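Notes follow the structure.
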Amino acid sequence: MKPNSIKLFDYFYLGSIFLGFLGFATGYFSASAPVSYVIAYFVGEVIRLILWYLLSRRRSIIAKWIIVALFLLSLISVGGLFVGSMALSEIYALAGLVAQAVAVGLLFRSDSIRWLNSRDADETPPRSDA
């Protein structure tokens, strides 16, 4: 059974993806970005969803560290959000970044670490000794 930290991680991480989509949608329609930008955005979001699945359902520690690394890379662009007036898309982006920061922080709680490092007997597939 998942600990509360991982359940909260699910909510915050998926919430950050949703807020990112809202930011993308509001920014895209106001700036009319090219189609290649849209494709790149959705490929990135599919990768984020795959990483969430690997961590939340498959207990992948590698996915955990990839999520942490991608979060740290996303912090590079934070300074640009505070230049000038904030558009609605930037507010969504900042809220999504805060939600992602909370989600990443939840991965380092003791119950999350124990859950990621352990394998429960009831969740492992049965052996076939044929």
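The values are calculated or read from the model by the stated rules, or taken from the named source; none is laboratory data. Values in this document were obtained by computation on a predicted structure and should not be read as measured data. Quick reminder, even Gly has a Cβ in these numbers, built from the backbone with ideal geometry, and neighbours come from all protein chains shown. These accessible areas exclude ligands, DNA and RNA; they are computed on the full protein's heavy atoms, side chains included. Shrake-Rupley method; radii C 1.70, N 1.55, O 1.52, S 1.80 Å.
The residue among ASN4, GLY23, LEU94 whose Cα reaches farthest toward the positive pole of the charge dipole of the chain, with charges on the beta-carbon of Lys, Arg, Asp and Glu, is ASN4.
Scanning the chain for trypsin sites (Lys or Arg not before Pro) in DSSP loops with at most 15 neighbouring Cβ atoms within 10 Å leaves 59-118 as the longest stretch between them.
Using a Gaussian network model of the chain in which every pair of alpha carbons under 10 angstrom is joined by a spring, one finds that among ALA99, ALA31, ALA40 the greatest mean-square fluctuation is at ALA31.
What is the magnitude of the charge dipole of the chain about its Cα centre, with +1 placed on the Cβ of each Lys and Arg, -1 on the Cβ of each Asp and Glu, and no other charges, expressed in debye to the nearest 20? Around 280 debye, computed over the chain. Normalised by the number of residues in the chain, the mean separation of alpha-carbon contacts (under 8 Å, six or more apart) gives a relative contact order of 50 percent.
Couplings for the range 32-40, taken from phi via the Karplus curve 6.51 cos²θ - 1.76 cosθ + 1.60 with θ = phi - 60°, read 6, 6, x, 5, 4, 5, 5, 5, 4 Hz in order; Gly and Pro are left as x.
Compare GLY79, GLY15, GLY105 in a GNM of the chain, Cα atoms joined below 10 Å, and give the one with the largest fluctuation. Result: GLY79 has the largest fluctuation of those listed.
For the chain, what % of the accessible area comes from carbon and sulfur atoms, probe 1.4 Å?
Details: 5730 of 8160 Å².
The C+S portion of the solvent-accessible surface of the chain is 70 percent.
So if R0 is 25 Å, what FRET efficiency would ALA95 and ASN117 give, r being the distance between their Cβ atoms, rounded to the nearest 0.05?
Working: r = 31 Å, r/R0 = 1.26.
In this case the efficiency is close to 0.20.
Over the chain, with a Gaussian network built from C-alpha contacts below 10 Å, which listed residue (LEU54, LEU97, LEU106) shows the highest mean-square fluctuation? The residue with the greatest mean-square fluctuation here is LEU54. I need the chymotrypsin sites (Phe, Trp or Tyr not before Pro) found in the range 2-94, filtered to DSSP loop residues with at most 11 other beta carbons within 10 Å of theirs. Here the chymotrypsin sites (Phe, Trp or Tyr not before Pro) that fit, given the DSSP loop and packing criteria, are PHE82. What angle, in degrees between 0 and 90 and rounded to the nearest 10, separates the Cα long axis of helix 61-74 from the longest principal axis of the Cα atoms of the chain? Between helix and principal axis, roughly 10 degrees.
Computing Rg and Dmax of the Cα atoms in Å for the structure here picks out one of [x] 17.2, 63; [y] 25.5, 79; [z] 17.4, 68, namely [z]. What the chain shows is 63 Å² of accessible area per residue, with the surface traced by a 1.4 Å probe over protein heavy atoms.
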